[in-house]
Structures are given as structure tokens and as C-alpha cells.
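Beneath this line is the structure, given in C-alpha cells, with notes to follow.
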Amino acid sequence: MLYESLLLLGVLSITFMVPHLTLGMGFNLTLPGWLLLIHVFLVLGTYFIWYWSHGGQTLAMQTWKIHLTTPSGNPPTMPRLLLRYSLAWPSLFYFGVGLLWSIFDRDRQFLHDRLAGTRLVFK
């Protein structure tokens, strides 16, 4: 997750920070906080879902040889990917309870993977 976060800094600097700095400095315009959060949610969602749907791995997952599949080993469908992404936010931000879930899960899966019907496997 730490390595993924470092990669996401680059993604967000290009797709979030540059446009909003341009708006602020060029036009003296600042968007409301809720709109900025929606922008971050959509940018990160596009990043994750695109990579998961094109090979089942983000850049960091490729490095660590981790692959996203369904429990049967098939590639996840788009609805499952959208559900996984949406559930990962509360899983992470409610004090990481969805991540801690993996300690007690019989298959060592995160809560959002369990609920979305996906799983992380090592290649």
C-alpha cells in the first residue's frame, strides 16, 4: 500500500493538482471542498478500475506480483470492480477495519474483497 501511495502521488499531481493550481493561479478560482473530494474519488477510481480491468494489476501490484481475481480465478467483472473500489474507501478510512479484517479472515482477504467477491492472489 505504501508503494501504491507513492505512485498515486504522481497520478494525483498530474490529474488533480496541476488543473486546480492552474484554475487558482490563472483565474483566481477555487472549487469547493466537496467538489475537490469528488474529483479525487473519480481520478483514483479511474486509475484503479482501469488497471484492474486491463490485466488485474495496478503498477504496484505488478511489482509485487499480486493479481486481482474472483474466488474462481476469473477476471472480475466491471460491477465487481466498481463495488470493490467503492467499498475500499470505508474499509480504509474507518480506522482500517477492513484491512484488519484480513487478520481474522480464513482466506486472509480484506473486507472489501470479501464483500465484492474478489481476491488478491500471488502469481
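Listed values, structure above:
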read-out	value
Any chance Ala88 is in contact with an Asp or Glu (Cβ under 8 Å, 6 or more places away or on another chain), over 11 Å from Leu120 (Cα atoms) and hydrophobic (A, V, I, L, M, F, W, C)	no
Selection count, segment 1-18, where residues are assigned to a helix (DSSP H, G or I) and either exposed (fewer than 13 other Cβ atoms within 10 Å of the Cβ) or among the β-branched types (Val, Ile, Thr) (or both)	11
Filter result for Pro75 (within 26 Å of Leu120 (Cβ to Cβ), touching a residue at least 24 places away in the same chain (Cβ under 8 Å), assigned to a loop (DSSP other than H, G, I, E, B) and not aromatic (Phe, Trp, Tyr))	no
Residues (assigned to a helix (DSSP H, G or I), exposed (fewer than 12 other Cβ atoms within 10 Å of the Cβ) and either touching a residue at least 12 places away in the same chain (Cβ under 8 Å) or of a type in the set (S, T, N, Q) (or both)) located in segment 21-63	Thr22
Qualifying residue in segment 92-100 (condition: on the phi < 0 side of the Ramachandran plot and in a loop (DSSP other than H, G, I, E, B))	yes
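Conditions tested, residue by residue: (1) closer than 22 Å to Leu12 by Cβ; (2) in contact (Cβ under 8 Å) with a residue 12 or more places away in the chain; (3) exposed (fewer than 13 other Cβ atoms within 10 Å of the Cβ).
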{"residue": "Lys65", "(1), (2), (3)": "no, yes, yes"}
{"residue": "Thr69", "(1), (2), (3)": "no, yes, no"}
{"residue": "Leu83", "(1), (2), (3)": "no, yes, no"}
{"residue": "Ala88", "(1), (2), (3)": "yes, yes, no"}
{"residue": "Leu92", "(1), (2), (3)": "yes, no, no"}
{"residue": "Leu100", "(1), (2), (3)": "no, no, no"}
{"residue": "Asp105", "(1), (2), (3)": "no, no, no"}
{"residue": "Asp113", "(1), (2), (3)": "no, yes, no"}
{"residue": "Ala116", "(1), (2), (3)": "no, yes, no"}
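Readers should treat all values here as calculations from the given coordinates under stated rules, not as data from a laboratory. Owing to the predicted nature of the structure, the values given are computational and were not obtained by experimental measurement. All Cβ positions, glycine included, derive from the backbone under ideal geometry; neighbour counts span all protein chains shown.
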